[in-house]
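A.B. asks: First the structure, which I've put down as structure tokens, then a few questions once you've had a look.
Every number in this text was worked out from the coordinates using simple rules, so none of it is lab data. These numbers come from a predicted model, not from an experiment. All Cβ positions, glycine included, derive from the backbone under ideal geometry; neighbour counts span all protein chains shown.
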Ligand code: FPP
């Protein structure tokens, strides 16, 4: 294979298809989320093993609040359970944990855990794992505009964006067969390479991850230029 690209520095993932995966197995949607959460953790550890420097996972969007409240509560409880269980492993692996999104809307116990894991891994510098929770790309830009309006002269608009600590993603992977961005990282995805996989998130494997990276590396990025 001819590689046109170096290894991706930042990979962002829309983990879609948990519900359909479960439905195909005649199981409740929660069954899909349980498997999806464990695949998410495996993916974080695998990304670290591969040498990815930034991994950003879309766990819960602003629009996901429109789901039935039982499913929303289930997702937060699941997230909490996994973050608690995997905290030590995340730290041991030199992974720094960060979040983007509106934490004020989340249950207190989850916010506490998020803050504690973020503090606990502050000195880790092998990989940054960012979880987007209660996150919306449009909302992020609107908040940045408000912040920019009230900022000191000399401040750049980009620096007012909540996710500005992240480099722009090189590669966006979306599972589940849909081909859309769904309000994820709207500002920074401008020149990101998109990779859509016709497979539900709970079936996402190390092989799939490697294949996505391989395809990315074979692509030619021009950033609007001629070569
Ligand atoms: C999309 O599937 C998935 C979600 C909205 C939730 C994603 C969350 C996780 C995988 C848990 C994250 C946990 C950790 C530990 C990071 P869907 O429900 O929209 O599936 P569907 O499109 O088939 O209905």
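A.B. asks: Please find, among 146, 142, 215, the residue that is over 26 Å from residue 118 (Cβ atoms), assigned to a helix (DSSP H, G or I) and more than 17 Å from the chain's Cα centre (by Cα). Before you say what the answer is, go through the steps one by one.
C.D. replies: Details: 146 fails: over 26 Å from residue 118 (Cβ atoms); 142 fails: over 26 Å from residue 118 (Cβ atoms).
None of the other options fit; the residue is 215.
A.B. asks: Could I ask something else about it? Conditions first: (1) loosely packed, with under 15 Cβ neighbours inside 10 Å; (2) in contact (Cβ under 8 Å) with a residue 12 or more places away in the chain; (3) over 23 Å from residue 30 (Cβ atoms). Residue 222 passes all but one, so which condition is the exception?
C.D. replies: That leaves (2) as the condition not met.
A.B. asks: For the range 19-131, give me every one of the helices (runs of 4 or more DSSP H) that falls completely inside it and has 3 or more residues that are touching a residue at least 60 places away in the same chain (Cβ under 8 Å), within 12 Å of the ligand (Cβ to nearest atom) and closer than 30 Å to residue 217 by Cβ.
C.D. replies: Numbers: elements: 29-50, 69-92, 108-120.
Because the criterion is at least 3 residues that are touching a residue at least 60 places away in the same chain (Cβ under 8 Å), within 12 Å of the ligand (Cβ to nearest atom) and closer than 30 Å to residue 217 by Cβ, the helices (runs of 4 or more DSSP H) in the range 19-131 that meet it are 29-50.
A.B. asks: Tally the residues that are over 28 Å from residue 166 (Cβ atoms) and crowded, with 23+ Cβ neighbours inside 10 Å, restricting the search to the range 8-25.
C.D. replies: Result for the range 8-25: 1.
A.B. asks: Based on this model, can you work out whether residue 173 counts as touching a helix residue (DSSP H, G or I) at 6+ places or on another chain (Cβ under 9 Å), buried (at least 16 other Cβ atoms within 10 Å of the Cβ) and part of a helix (DSSP H, G or I)? Before the answer, list the steps.
C.D. replies: Values: touching a helix residue (DSSP H, G or I) at 6+ places or on another chain (Cβ under 9 Å): yes; buried (at least 16 other Cβ atoms within 10 Å of the Cβ): yes; part of a helix (DSSP H, G or I): no.
No.
A.B. asks: Further question: If you go through the range 159-209, how many residues are more than 16 Å from the ligand (Cβ to nearest atom) and in contact (Cβ under 8 Å) with a residue 24 or more places away in the chain?
C.D. replies: Pass one, the range 159-209, residues more than 16 Å from the ligand (Cβ to nearest atom): 159-171, 186-195, 206-207.
Now restrict to residues that are in contact (Cβ under 8 Å) with a residue 24 or more places away in the chain: 161-163, 165-171, 186-189, 191-193, 195, 206.
Matching residues across the range 159-209 total 19.
A.B. asks: To continue, here is another question. Quick check on residue 148: is it away from the ligand (no atom under 16 Å from the Cβ), in contact with a helix residue (DSSP H, G or I) (Cβ under 7 Å, 6 or more places away or on another chain), more than 23 Å from residue 104 (Cβ to Cβ) and free of Cβ contacts under 8 Å to residues at least 60 places away in the same chain?
C.D. replies: Details: away from the ligand (no atom under 16 Å from the Cβ): yes; in contact with a helix residue (DSSP H, G or I) (Cβ under 7 Å, 6 or more places away or on another chain): yes; more than 23 Å from residue 104 (Cβ to Cβ): no; free of Cβ contacts under 8 Å to residues at least 60 places away in the same chain: yes.
No, not satisfied.
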